[in-house]
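Notes follow the structure.
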Amino acid sequence: MSTTEVAKPSAVLPVLQDYAAIVGEPEILELRELARRVAGRHVKMVNSTAVGGGVAEILNRLVPLMEEVNVPTRWEVITGGEKFFHITKAFHNALHGAPYEGAADWFETFLATNEENRRRMRFDEDFVVIHDPQPVALIAERNSGPHRWVWRCHIDLSNPNAQVWDFLKPWVDRYDASLFSSPQFTRGLRIPQYLFFPTIDPLADKNRDLEPEFVRDVLEKFHIDPARPILTQISRFDRLKDPVGVIRAYRLVKKYEDCQLVLAGGSATDDPEGAAVLQEVEQAATGDPDIHVLNLPPWSHVEINALQRGSTIVIQKSLREGFGLTVSEALWKKKPVVASAVGGIPSQVIHKLTGMLVHSAEGTAYQIRFLLANPSFAKVLGENGYQHVKEHFLLTQNLKRYLVLFLVLLQGD
Amino acid sequence: MAASYLVRIGAEPVRTLGELAKSLRSCPQASIFYHTFQSLEAHHYTSFSSDFAQWALTACNEAALAEQLAIVDLREIVSLEDLRGILAKIVSDYLKEHPQAENRRAFEAFYFCEGREVTVPSGLPAWTLTELAEGIRHLGHQSLHYHFINSRLRLQLQTNDFSFWIEHSLNHPWLAARLNRIDFYNDTLDDLRQDILDVLEPAESR
């Protein structure tokens, strides 16, 4: 086993100045001024997957920008066997409130894998940012030096399984600060808890503007009819995203509207349940040619962008959610969104102002029917949603929060 | 100055209006500031710009209380302790009239937060109105908020940094007063910037 340093992407990435056209020149100027105060400090980011899922996507874009503003940043991914990721998936579900039925040796295996990674990694940086619970015990490496350790929690800890949280909390307590995607996700920690909204990159393939012809081509490629309403949920095949519940909602809508459903996603390398869930979804969709289940490879960003842009309504009917960046992606494309009021989604979807919040499959169907019948209202939701994302959930704001965090940590909070 | 904020989340959420009334009296001043002055920049889509008002409405379903909390005019406030007293009295008085609302659990908890402010020189010094206008064109949103809204507490004079400077360094009290009449409650920060420039630009050419 060895830890993996994530290779820098070879494709030409946008530079900070490219974002001025979106967020305005003043924001970029101020970012540069802030960065000058942190320049030369070294940062390490650690998570558990380089591909798939929101964390990897954020780091893929954030790390090059930090490098550009002279804050050298190294992104490393821990490795572990199938058993480790099976355990961390169970932890993930348990922290979201699901029952936990771990074997007696799971905590020990978790710590042993963290320890193996710790021994292979070096921690010479000024700031170490550990993402999510999988690598949380790397904090054991912390020495008495001037390094600052930060735990970035991307998941909703509002109602965790006590057994798993009680095991993890002593590790979390050893950090200098914690970062949460919503105040509702916090656990009343003794260490400082800061609000860090996750963000999307408006210039990434997944979000950049596309030619309408390209969008049409992608729909055709997947045999989706652009002339009829298209309802879409983009997410990993994960039970917490409730793809089968989405099919149930679609069937309720279908009684009244001749619509289509697109369920598109892939699976992350740290999610061993993906294949089983995909099978359940395909089974639930059997016999209906208007349900398109698309298991896409992780590099399908531009296709996902096109599917979102080609959609009439975007759904995110999660049962539990970290932040739900797919919602921000859809809002950025000015799409009306119908989404569950869970996790970080209410930060993005303000009911009837930037989208519609729902609590059940039936509620999802009800709001979809309302929006299909009221396209001008749906358009206003999309416009508001775009502004909301522009103000709060873009990559440049994430860069700014990290720079401010580092300054605050240097000053001593 | 270029201002940026890191939001620190408090450890103890409140779940009822009774708990809110109590916490309003004891929470850090920085939290009172964050949920009133600072929240002005984040509420283009909600009914009220005060976080306390918004929570009373959406999480507690107490529309009349929400309205009372929202109409406290921050332009009249020069001290956070004054503001704390006003807000705490509004909630306490309301609960005396509506005791059934005191311990009813809110739809979602309220988390007291506070903004950790970091300021750095913007590199845009101004000696004239023209330079001031140019600097304002190049201020980020949070810096504009810092100079035009947050400044009222820093100065404790019911005015903003730009008006204060125009009055005391350029000796244009009429222009300072005109700038200070801009209604920042109902603007986005981009609208606010334009309103300020609309006042400054004709004066520049005089």
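Descriptive notes on the structure:
- Over the range B:121-204, the fraction of Cα-Cα pairs per 5 Å bin, rounded to whole percents and listed from the shortest bin up, is 3, 15, 28, 31, 19, 4.
- Antiparallel content of DSSP bridges confined to the protein assembly as shown, in %, to 5: 25 percent
- The charge dipole of the protein assembly as shown, taken about its Cα centre with unit charges on the Cβ atoms of Lys, Arg (+1), Asp and Glu (-1) only, comes to about 700 debye.
- Comparing Cα centroids, the range B:68-131 and the range A:174-240 end up 32 angstrom apart.
- Dipole-positive endmost among B:GLN156, B:HIS168, B:TYR146 within the range B:121-204 (Cβ charges, Cα centre): B:GLN156
- Efficiency of FRET from Cβ geometry, A:ASN295 and A:ARG228, R₀ 22 Å, rounded to 0.05: 0.45
- Summing Cβ point charges (Lys, Arg +1; Asp, Glu -1) relative to the Cα centre of chain B gives a dipole of roughly 540 debye.
- When only Cα pairs below 8 angstrom with a gap of at least 6 residues are kept, the range B:78-203 shows a relative contact order of 23 percent.
- Using the Cβ of A:PHE323 as centre and a radius below 15 Å, the other residues enclosed give a net charge of -2, where K and R count +1 and D and E count -1.
- For the range B:140-189, the dipole from Cβ point charges (+1 on Lys and Arg, -1 on Asp and Glu) about the Cα centre works out to 80 debye, to the nearest 20.
- Rg and Dmax over the alpha-carbon atoms of the protein assembly as shown stand at 25.0, 81 Å.
- With a Förster radius of 45 Å applied to the C-beta separation of B:TYR185 and A:GLU362, the computed FRET efficiency comes to 0.70.
- Put a dot 7 Å past the Cα of B:ARG154, heading toward its Cβ, do the same for A:LYS390, and the two dots end up 2.7 nm apart.
- Stokes-Einstein D (µm²/s) once Rh is taken as the Kirkwood radius of the range A:35-164 over alpha-carbon pairs, at 25 °C in 0.890 mPa s: 156 µm²/s
- Inter-chain Cβ neighbour average for residues A:184-194, partner chain, 10 Å: 4
- Between the listed residues A:ILE291, A:ALA162, A:VAL23, the Cα displaced farthest toward the positive end of the dipole of the protein assembly as shown, a dipole computed from Cβ unit charges relative to the Cα centre, is found at A:ALA162.
- 11 Å beta-carbon shell around A:ASN305, net charge (K/R +1, D/E -1): 0
- If you model the range B:2-114 as an ellipsoid using its alpha carbon gyration tensor, with each semi-axis the square root of five times an eigenvalue, the axes come out at 21, 15, 14 Å, biggest first.
- Estimated FRET transfer efficiency when R0 is 41 angstrom, pair A:ALA373-A:ARG122 (beta carbons, to 0.05): 0.10
- Peptides B:68-80, B:103-115, A:230-242 ordered by average Cβ neighbours within 10 Å, highest first: A:230-242, B:103-115, B:68-80
- Average beta-carbon neighbours from other chains, 10 Å sphere, peptide B:120-130: 2
- Springs join every pair of Cα atoms under 10 Å in this Gaussian network model of chain A, and among A:LYS335, A:LYS400, A:LYS255 the largest mean-square fluctuation is at A:LYS255.
Every number here is computed from the coordinates shown, using simple stated rules; none is lab data. All figures in this text were calculated on a predicted structure; none of them were measured in a lab. Note that each Cβ is placed from the backbone with ideal geometry, even for glycine, and that neighbours are counted across all protein chains shown.
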